[in-house]
Amino acid sequence: MAGPLLWPADEPWPECTAVHPKGTGRLLSDVRARRRIQEDARGRDFTEDELRLLDGMTAARHFPDLRDDAALPMLAVAQLSARDIPDLVGPEDYDLLQVFWCPFEAHGPDRTIDVALKWRRSADVEAVLTPQPEPPVAGREECVPTRCVVHPEQVVEHEYLGLLDEGLEEAVSAWEEGLLDDDNDDDDCEDGDDEDDSASLASYATYEEYEAAMAAARAEEPDEIDYMSDLSIAPGWKVGGFASWHLTDPAPVDCHVCGTAMPPLLTVDQWECDGASHSWLPIEDRDAENDPCVINPVGVYLGRGLMRVHTCPTDPFHPHRLSFQ
Ligand SMILES: [Zn+2]
Ligand SMILES: [Zn+2]
């Protein structure tokens, strides 16, 4: 994540040439320094020196002379190798995907970041470009990934609940209700009281309260599983798999060139695990489930928590599309 990339010394680095403010926002150096200070200060109060440094790191018009139409290097975001990630399916004979974005939410009609993909044959790269360019400023701190290494793990996912065919969706719901009934039977043996399970969204003033109550209930019953949280779609950064549509109705993402439905190639997620369910949390991370480096190692927050890059299965060189949740 976040470079350095296996990028040939003699090849131009991707640039953003779109017209938008490029000198206003957060200095990349400040974003990194702030994260370092926060990491160092974990478990204690900030020192006065740290507070003074943090106070100085403001969003501002840092480069007033930088023109809106200046060509600025894009930010290195990820480098994914088919050797590590069997589900990384790209053009034939290409084994490396390099992902960039322009860290300003100012592109296209939806005013999003702009993503660029580069498929590569790693064996073709000889001399590597060094140092590697980057823009001086990002529109928002959460558009800047923290450099880290991923340890990919292959998991099985299943289609989003609302996109299953009706019979299957009903069967899943019936199965979940059956699990709840089993729990009720257990409770009845102990105290004859199953009021806990009658909680529904309508009994809470806000969705946040409902979520908090569900999280608390799950904490008491860590073995309880349901389709949406535990079985269908894994949280976190991932390659391949299915798209979750928990905030909007499912929307088709079809190729603008050939019309083929485009599955997500890369999902960029705010969290590596779901607050309520630890099903997807790697076993080796379970003792550190509150560690920000485990929950959110990359520090990126796009959309309302989730951004996906979709590519065309017919021809991976057809332009990608983005979707957000
Ligand atoms: Zn841009
Ligand atoms: Zn296509």
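Quick notes
- Test: residue in the stretch 50-71 that is within 17 Å of residue 1 (Cβ to Cβ) and either of a type in the set (Gly, Ala, Ser) or not assigned by TED's automatic domain parsing to the domain that holds residue 313 (or both): no
- Conditions (1) free of Cβ contacts under 8 Å to residues at least 12 places away in the same chain; (2) open to solvent by 70 Å² or more (accessible area, probe 1.4 Å); number of the one not met by residue 108: (2)
- Among the criteria (1) more than 18 Å from the chain's Cα centre (by Cα); (2) surrounded by fewer than 13 Cβ atoms within 10 Å (Cβ to Cβ), the one residue 148 does not fulfil is (1).
- Here residue 46 fulfils each of the conditions (1) within 16 Å of ligand 2 (Cβ to nearest atom); (2) among the hydrophobic types (A, V, I, L, M, F, W, C); (3) modelled with pLDDT of 95 or more apart from (1).
- Qualifying residue in the stretch 122-138 (condition: of a type in the set (Val, Ile, Thr), assigned by TED's automatic domain parsing to the domain that holds residue 32 and open to solvent by 70 Å² or more (accessible area, probe 1.4 Å)): yes
- Pairs linking a residue in the stretch 16-42 that is in contact (Cβ under 8 Å) with a residue 24 or more places away in the chain to a residue that is of a type in the set (S, T, N, Q), with Cβ atoms under 8 Å and 6 or more positions apart or on different chains, are 32/146; 35/146.
- The stretch 3-61: number of residues that are hydroxyl-bearing (Ser, Thr, Tyr) and within 30 Å of residue 95 (Cα to Cα): 1
- Checked against the criterion of being open to solvent by 30 Å² or more (accessible area, probe 1.4 Å), on the phi > 0 side of the Ramachandran plot and free of Cβ contacts under 8 Å to residues at least 40 places away in the same chain, the stretch 163-170 contains not a single residue that satisfies it.
- Checking the stated criteria, residue 2 turns out to be touching a Lys or Arg at 6+ places or on another chain (Cβ under 6 Å) and either more than 16 Å from ligand 1 (Cβ to nearest atom) or at positive phi (or both).
- Filtered by the rule that a residue be touching a Gly at 6+ places or on another chain (Cβ under 8 Å) and touching a residue at least 40 places away in the same chain (Cβ under 8 Å), the stretch 252-276 gives 263, 264, 265, 267.
- In summary, strands (runs of 3 or more DSSP E) completely within the stretch 17-125 and bearing 1 or more residues that are closer than 23 Å to residue 308 by Cβ occur at 75-81, 96-107, 112-120.
- Residue within the stretch 57-70 that is over 24 Å from the mean Cα position of the chain (by Cα) and under 25 Å from residue 154 (Cβ atoms) present: no
- Some residue of the stretch 129-145 being among the acidic types (Asp, Glu), at pLDDT 95 or above and in a strand (DSSP E or B): no
The values are calculated or read from the model by the stated rules, or taken from the named source; none is laboratory data. Not measured: the values here are computed from a predicted model. All Cβ positions, glycine included, derive from the backbone under ideal geometry; neighbour counts span all protein chains shown. Keep in mind that these areas ignore ligands, DNA and RNA; they rest on the heavy atoms of the full protein, side chains included. Shrake-Rupley method; radii C 1.70, N 1.55, O 1.52, S 1.80 Å.
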